[in-house]
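Enquirer: One structure, as structure tokens, below. Some questions next.
Read the figures in this text as sums done on the coordinates, not as results from a lab. As the structure is a prediction and not an experimental result, all values here were calculated from the model. As a convention, Cβ positions derive from the backbone with ideal geometry for all residues, glycine included, and neighbour counts pool all protein chains shown.
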Ligand code: PBG
């Protein structure tokens, strides 16, 4: 026999990948992807009132806060080293209309909240959502006419909304509605008002997804008729995501986003290769709810599944991840 091994049970293998998996330190040395607290953006829900904290039934451990309690939550968030929050309002029904006029009220819920955060916790990056749905009686992201969602008329409102958020002190505005041309219009609107330094996080490849259900419960913003397929993207498409990203970059986006994340890792990967801009991924409410539900049944190990899931998004190419798990992850990583 030609084997050089004295013990013939051993294979003559030059490469044994298991060598580098043998100890904890070796495994850490060759780890390719590191999830860190710097990757995280924490989405938070704000509502009117005082001393209120309501759990969202379809998003266990996730709450809507009145402003006073929200500020406490954001202080904890900043103390954990999380750099940024993304703010979403629950707007009371009597303030909703078809045009979303409340969205650019200088004393609206979002504007007051941003001012308060910037006063108390100025170091945290505040990202505001630019979309009509929390303000729309129809729960749609655009002005409705004859059952259709108007594009250009909606964009006009989005510009006013973004400028009023910037005025309140937002660091970054995040158009999340998939209207055509909104990034360019918002950039122009911000610049004409001299908010050159306010950046745009564009929801560039946002899919018409069933994973948004729990979020719409949180905001009480489910569409009152039809669905969002005439503006959000078909989950079957990838080239269209690149087309959308190209447009948003040309219009002035600072960061591009893929949403949802877990069922769209290939899209994250493609966009990471396509652009030099930072790529964000939104680990959405339905993805959160699935993990929480299985963990509560005792069917999966929650912490391990969270880390594995978020690492997969980072590995796919996401530089930033919006996730309701942000605080939990920050605690695990500490
Ligand atoms: C709407 C918006 C949605 C989410 C963020 N912004 C829902 C939708 O498009 O209907 C979903 C976030 C999540 O599910 O966590 N502008």
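Enquirer: Please determine, by comparing only the residues of the range 188-201 that are within 20 Å of the chain's Cα centre (by Cα) and surrounded by 21 or more Cβ atoms within 10 Å (Cβ to Cβ), which one is farthest from the ligand (Cβ to nearest atom).
Expert: 198
Enquirer: Surrounded by fewer than 18 Cβ atoms within 10 Å (Cβ to Cβ) and farther than 28 Å from residue 56 by Cα: which single residue out of 148, 118, 101 fits that description?
Expert: The unique qualifying residue is 148.
Enquirer: Ok, one more. Going by what's in this entry, would residue 318 be described as in a loop (DSSP other than H, G, I, E, B), crowded, with 22+ Cβ neighbours inside 10 Å, within 16 Å of the ligand (Cβ to nearest atom) and under 16 Å from the mean Cα position of the chain (by Cα)?
Expert: Values: in a loop (DSSP other than H, G, I, E, B): yes; crowded, with 22+ Cβ neighbours inside 10 Å: yes; within 16 Å of the ligand (Cβ to nearest atom): yes; under 16 Å from the mean Cα position of the chain (by Cα): yes.
Taking the combined requirement at face value, the residue satisfies it.
Enquirer: Pairs under 7 Å by beta carbon, first residue on the phi > 0 side of the Ramachandran plot in the range 153-170, partner surrounded by fewer than 21 Cβ atoms within 10 Å (Cβ to Cβ), six or more apart or different chains?
Expert: What qualifies is 169/115; 169/118.
Enquirer: Restricting to the range 213-263, name every residue that is within 15 Å of the chain's Cα centre (by Cα), part of a helix (DSSP H, G or I), touching a residue at least 60 places away in the same chain (Cβ under 8 Å) and under 23 Å from residue 39 (Cα atoms).
Expert: Within the range 213-263, 215 is the sole residue that qualifies.
Enquirer: Hey, another quick one. Scan the range 269-290 for residues that are more than 16 Å from the ligand (Cβ to nearest atom), in a helix (DSSP H, G or I) and under 16 Å from residue 322 (Cα atoms) and report the count. Full working, then the answer.
Expert: Step one: filter the range 269-290 for residues more than 16 Å from the ligand (Cβ to nearest atom), giving 269-279.
If we keep only those that are in a helix (DSSP H, G or I) as well, we get 269-274.
From the residues that got through so far, the ones that are under 16 Å from residue 322 (Cα atoms) too are none.
Looking only at that region, the number is 0.
Enquirer: Right, something else. So, in the range 291-313, how many residues would count as being farther than 16 Å from residue 333 by Cα and within 16 Å of the ligand (Cβ to nearest atom)?
Expert: Of the residues in the range 291-313, 4 are farther than 16 Å from residue 333 by Cα and within 16 Å of the ligand (Cβ to nearest atom).
Enquirer: Of all residues in the range 152-172 being within 15 Å of the ligand (Cβ to nearest atom) and out of contact with any helix residue (DSSP H, G or I) (no Cβ under 6 Å at 6 or more places or on another chain), which is farthest from residue 115 (Cα to Cα)?
Expert: 154
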